[in-house]
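Working notes, structure below.
The values are calculated or read from the model by the stated rules, or taken from the named source; none is laboratory data. On a predicted model such as this, the values are computed, not experimentally measured, just so you know. Cβ placement follows ideal geometry from the backbone for every residue including glycine, while neighbour counts extend to all protein chains displayed. Surface areas here come from the heavy atoms of the whole protein model, side chains and all, with no ligands, DNA or RNA. Shrake-Rupley method; radii C 1.70, N 1.55, O 1.52, S 1.80 Å.
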Amino acid sequence: MSTQTPLKRLTTRDIAAMRRRGEAIAMLTAYDATMAALVDMAGVDMILVGDSLGNVVLGHETTLPVTLDDMIRHAAAVKRGSSRALLVCDMPFGSVTEPAVALSNAVRVMKETGVEAVKLEGGLAMVPTVERLVAHGIAVVAHIGLTPQHVHQMGGYYMHGKDEASAERLRAEARALEAAGAFALVLECVTPALAAEITHMLTIPTIGIGSGQDCAGQVLVINDLIGLNTSPPPSFARPRADVATIIKAAVGDYVDETKASRGPIPLPRRAE
Ligand code: KIV
């Protein structure tokens, strides 16, 4: 029998306490058990099983084709690989079209994966959905600014909050999502000054991505952090490693070694 005490998993109360103490929250994505174990051991506070799964793992051009079954399979793997970080699973495109649909899909996610929370993209239209999920005991992370599930409606990927109308809409969305019960708010590609202002305005933590340093926490796609990409990462991501080059070198080495390791083996001579 093991004598080691298992590490306690962080809870939404721990995340709220970090915000109260002004302590920065470190969040990363992971999509499988091995990567989840590594980022967990390295000390992240929250792991997001993002629907960026669609781009970085499943090879889709956007996140739109990702299904609820895709998210559940990968979130369950991340749960098996991790033991400390609070886990958040993205609700994919089309899974939160109205509060009742969102509730039954989020219940499936909670039951079948063991994550602690779900994340959903959208502003004021998502307020009744956040209220419904929270009323049924589900912890929710909201997500505004650049919301990749709305890429076609938004007409591309770009910074939000640059003009006063857009800034005012983001402020209103942030206030309404906090009031609806979200326990954290992702701000993606929101101008740094506005992200800082929203962070100071809310008591729940803001988690920024491409939104400057003055958010309560930061999130990044793990592949962008470690250089595990075949195309350049977004401009705001600063890769800390070049894992793609390491993989290509190791595989190239293996291929060369395998081919050089012996002479030809002739085919058996067929009986005439
Ligand atoms: O899907 C994802 O990885 C995300 C983060 C980029 C915030 O939503």
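Just a few scattered comments:
- So Gly114, is it at positive phi and touching a residue at least 40 places away in the same chain (Cβ under 8 Å): no
- Apart from one condition, Met71 fits all of (1) in contact with a Phe, Trp or Tyr (Cβ under 8 Å, 6 or more places away or on another chain); (2) within 12 Å of the ligand (Cβ to nearest atom); the exception is (1).
- Among the residues of segment 199-218, some residue qualifies, meaning at least one is in a helix (DSSP H, G or I) and surrounded by fewer than 18 Cβ atoms within 10 Å (Cβ to Cβ).
- Search result, residues across segment 51-64 that are touching a Pro at 6+ places or on another chain (Cβ under 9 Å) and not charged (D, E, K, R): Ser52, Leu53, Gly54, Asn55, Leu58, Thr62, Thr63, Leu64
- Considering segment 236-266, the residues that are over 30 Å from Ile198 (Cα atoms) and touching a helix residue (DSSP H, G or I) at 6+ places or on another chain (Cβ under 6 Å) include one that is surrounded by the most Cβ atoms within 10 Å (Cβ to Cβ), namely Val243.
- Residues located in segment 96-118, provided they are of a type in the set (A, V, I, L, M) and open to solvent by 30 Å² or more (accessible area, probe 1.4 Å): Ala100, Val101, Val107, Met110
- Of all the residues in segment 20-54, those that are closer than 13 Å to Ala76 by Cα, within 11 Å of the ligand (Cβ to nearest atom) and aliphatic (A, V, I, L, M) number 4.
- A residue that is among the aliphatic types (A, V, I, L, M), open to solvent by less than 50 Å² (accessible area, probe 1.4 Å) and farther than 21 Å from Gly54 by Cβ occurs nowhere in segment 225-235.
- Near pairs, Cβ below 6 angstrom, 6+ apart or cross-chain, from segment 153-181 (closer than 19 Å to Pro192 by Cβ) to any residue that is open to solvent by 80 Å² or more (accessible area, probe 1.4 Å): Glu173/Leu124
- Verdict on Arg84 being over 15 Å from the mean Cα position of the chain (by Cα) and under 20 Å from Leu28 (Cβ atoms): yes
- Under the condition of being part of a loop (DSSP other than H, G, I, E, B), within 14 Å of the ligand (Cβ to nearest atom) and surrounded by fewer than 20 Cβ atoms within 10 Å (Cβ to Cβ), the residues counted in segment 137-188 number 1.
- In segment 1-14, the residues that are at pLDDT below 90 reach residues that are of a type outside the set (Lys, Arg) and in a loop (DSSP other than H, G, I, E, B) with C-beta atoms within less than 8 angstrom, at least six apart or across chains, in these pairs: Pro6/Ser83; Leu7/Ser83.
- On the stretch given as segment 5-21, residues that are under 14 Å from Ala184 (Cα atoms) and loosely packed, with under 13 Cβ neighbours inside 10 Å total 3.
Quick grid of which residues meet (1) without any contact (Cβ under 8 Å) to a residue 40 or more places away in the chain; (2) within 13 Å of Gly114 (Cβ to Cβ):
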position	(1), (2)
Gly50	no, no
Thr63	no, no
Ser83	no, yes
Leu87	no, yes
Ser95	yes, no
